[in-house]
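Report on one structure; see the data block that follows.
Readers should treat all values here as calculations from the given coordinates under stated rules, not as data from a laboratory. Quick caveat: nothing in here was measured; it's all calculated off a predicted structure. Here Cβ is always computed from backbone atoms with ideal geometry, including for glycine, and neighbour counts include all displayed protein chains.
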């Protein structure tokens, strides 16, 4: 009695695997990719020589001073962009959640979807053209993309939150803004903080990449060193990026644990 469903399930699994395998092989053929080329003696020798040029990293005092400046710039870009985006997104959350009618909801959701659908690198390239090279362009690019992401997340969080306390304040004579600040925001603040911290982690990584289009930070330093074939200096920048990401992940994890502890 139970054999037929099991047999059908296995056939479906087999067909799915065959389709995935066929699509994968077709992609390799279409793109003219041959993974075996990576494991030839000549390729492995070239890779070893290329990697060897990155060591030892440049640890001179002058270059480490430049690295520290790049680290601080990357942190400032990511933190400022996340903070501004979070502040704007809190304001967008009200119309996105439908608190100001269906027209405002549709318009603000379209804006958020547009902002987050454009990748950070594209925003950075556009901002470089608009305001010039440097960290200002990177901050604007991350702010625009992050506003789209957090605006949608904050709005959906607000939409799914019970409206009992907010409605009670409205019935007692409070406005929509006051009812949000005192009736709704305290209940969703921890979730908004979690979303913001998560986006800050992502913005740290993106801030190190945006420099490749001239948006400042460690990414711009890495692009400069690689373009001059200074692998030792590029290795130091890559190590600094890795340490920065580890540091931010550690800080974010501790902040989340503190938040969960405070919530009981």
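Using a 10 angstrom cutoff on alpha carbons, build the Gaussian network for the chain and name the most mobile of 81, 232, 48.
Highest fluctuation among the options: 48.
Report the gain in length on full extension from residue 53 to residue 103: 0.36 nm times residue separation, minus Cα-Cα distance, nm rounded to one decimal.
Value of the extension gain: 12.1 nm.
Going by average Cβ density within 10 Å per residue, which order do the peptides 50-61, 117-128 take, highest to lowest?
Peptide ranking by packing, descending: 117-128, 50-61.
Using a simple spin-label model with points 7 Å from Cα along the Cα→Cβ vector, what separation in nm is obtained for residue 131 and residue 11?
Going from the residue 131 label point to the residue 11 one covers 6.1 nm.
Taking a ≥ b ≥ c as the square roots of the eigenvalues of the Cα gyration tensor of the stretch 2-111, is the shape rounded (a/c under 1.5), prolate (a/b larger than b/c) or oblate?
oblate
Taking the chain as the reference, fit the longest principal axis to its C-alpha atoms, fit the long axis of helix 135-160 to the helix C-alpha atoms, and give the angle between the two in degrees, 0 to 90, nearest 10.
Value to nearest ten degrees: 40.
Fully extended, how many nm does the chain gain between residue 23 and residue 80 (0.36 nm per residue separation, minus their Cα-Cα distance)?
16.2 nm
Calculate the length of the line joining the C-alpha centroid of the stretch 168-239 to that of the stretch 118-161, in whole Å.
Here the answer is 9 Å between Cα centres.
If each residue of separation counts as 0.36 nm, what is the full-extension length gain between residue 252 and residue 33 once their alpha-carbon separation is subtracted?
74.9 nm
I'm checking a number: the convex hull volume of the Cα atoms of the chain, normalised per residue, in Å³. What is it? It would help to have the intermediate numbers written out before the result.
Numbers: hull volume 67.6 nm³, N = 264.
Measuring per residue, one finds 256 Å³ for the Cα hull of the chain.
Angle, helix 185-210 long axis vs. longest principal axis of the chain, Cα atoms, 0 to 90°, nearest 10?
So the inclination is approximately 20 degrees.
Would you look at the GNM of the chain, springs on alpha carbons closer than 10 Å, and say which of 228, 243, 94 moves the most?
228
Just to confirm the number: angle between the C-alpha axis of helix 217-227 and the first principal axis of the chain, 0 to 90 degrees, nearest 10?
Taking Cα atoms only, the helix is inclined about 20 degrees.
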